[in-house]
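Student: Just dropping this structure here.
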Amino acid sequence: MSCSINVKNVSYEVNEKTIFENITLNVSHEEKIAIIGSNGSGKSSFLKILAGLIKPKEGEVFLFHDKMNSLKEFKKYRSDIGYLPQDVSDFFLCPTVIEDVMFNLRAKGVKKDEAYEKALNTLTELGIEHLEERNIYDLSGGEQKIVALAGILITKPKILLLDEPTNALDEDAEKKIVEILNSIKKSMIIVSHHKSFIESLTPTIYKLDNKSLQKVN
């Protein structure tokens, strides 16, 4: 089976302090895995490395078997990687839900009518079409997470990198996120500390602890 992501001996440090080292990980096509670990273990930094947002100190990252020698080389795969940060409050670029979900397509030159139709279809698929004209900052935390996810999914990425997608959400919002993610057939790396949430999505769990990544089950 082809791999979406290959990580070989990746290390990362901040202010000369090693956060993690010699991490090796392979994620196959449409495979879903979860990463757990204590605060400060480097989970979010690891996702940012995979998203091409920060550089590792050492090691190699391959996307679809193509080695990324610099952050610039991630650019050609930007549409293939859907990165959802832990805090989505600074994620949005437009005031209303529909405008924000359309944004990535409009930025690529897609005509307004076509972008609108695709955005509305995406909202409908996620069950939030009723939020179309709402101001994003009037939404609940759960609604904002789903809108942010819609803005990612509209570009049809092949890989999803999700950092604490249910953090601070209530039970109903968490169930909705689970329903959405279980319906998506894509390679996925999910960082979370919610055990029940993780177990409802994937049996493949890794733990980032003592500066290394080990498979739990």
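Student: Looking only at the stretch 97-119, decide whether some residue is in a loop (DSSP other than H, G, I, E, B), under 18 Å from K186 (Cβ atoms), at pLDDT below 95 and under 20 Å from the mean Cα position of the chain (by Cα).
Tutor: Within the stretch 97-119, not a single residue is in a loop (DSSP other than H, G, I, E, B), under 18 Å from K186 (Cβ atoms), at pLDDT below 95 and under 20 Å from the mean Cα position of the chain (by Cα).
Student: Considering every residue within the stretch 66-88, establish whether at least one is over 30 Å from Y137 (Cα atoms) and of a type in the set (S, T, N, Q).
Tutor: Within the stretch 66-88, one or more residues are over 30 Å from Y137 (Cα atoms) and of a type in the set (S, T, N, Q).
Student: For the condition buried (at least 22 other Cβ atoms within 10 Å of the Cβ), of a type outside the set (D, E, K, R) and at pLDDT 85 or above, what is the one hit in T202, T166, T155?
Tutor: Residue meeting the stated conditions: T166.
Student: Pick from the stretch 1-40 the residues that are more than 18 Å from the chain's Cα centre (by Cα) and among the hydroxyl-bearing types (S, T, Y): which of them is modelled with the lowest pLDDT?
Tutor: If we take residues in the stretch 1-40 being more than 18 Å from the chain's Cα centre (by Cα) and among the hydroxyl-bearing types (S, T, Y), then S2 is modelled with the lowest pLDDT.
Student: Using the structure shown, decide if F92 is modelled with pLDDT of 95 or more, closer than 23 Å to K186 by Cβ and either surrounded by fewer than 20 Cβ atoms within 10 Å (Cβ to Cβ) or within 17 Å of the chain's Cα centre (by Cα) (or both).
Tutor: Criteria not met by F92.
Student: Limited to the stretch 120-159, what total is found for residues that are assigned to a helix (DSSP H, G or I) and among the charged types (D, E, K, R)?
Tutor: 5
Student: Now a separate question. Go through (1) touching a helix residue (DSSP H, G or I) at 6+ places or on another chain (Cβ under 7 Å); (2) under 18 Å from L53 (Cα atoms) and name the single condition I152 misses.
Tutor: Failing condition for I152: (1).
Student: For the stretch 25-91, which fully contained strands (runs of 3 or more DSSP E) count at least 2 residues that are touching a Pro at 6+ places or on another chain (Cβ under 8 Å) and under 27 Å from S183 (Cα atoms)?
Tutor: 81-84
Student: Turning to a different aspect of this structure: Is the stretch 108-119 home to any residue that is among the basic types (K, R) and crowded, with 21+ Cβ neighbours inside 10 Å?
Tutor: no
The values are calculated or read from the model by the stated rules, or taken from the named source; none is laboratory data. These numbers come from a predicted model, not from an experiment. Using ideal geometry, Cβ is built from the backbone for each residue, glycine included, and neighbour counts are taken over all protein chains shown.
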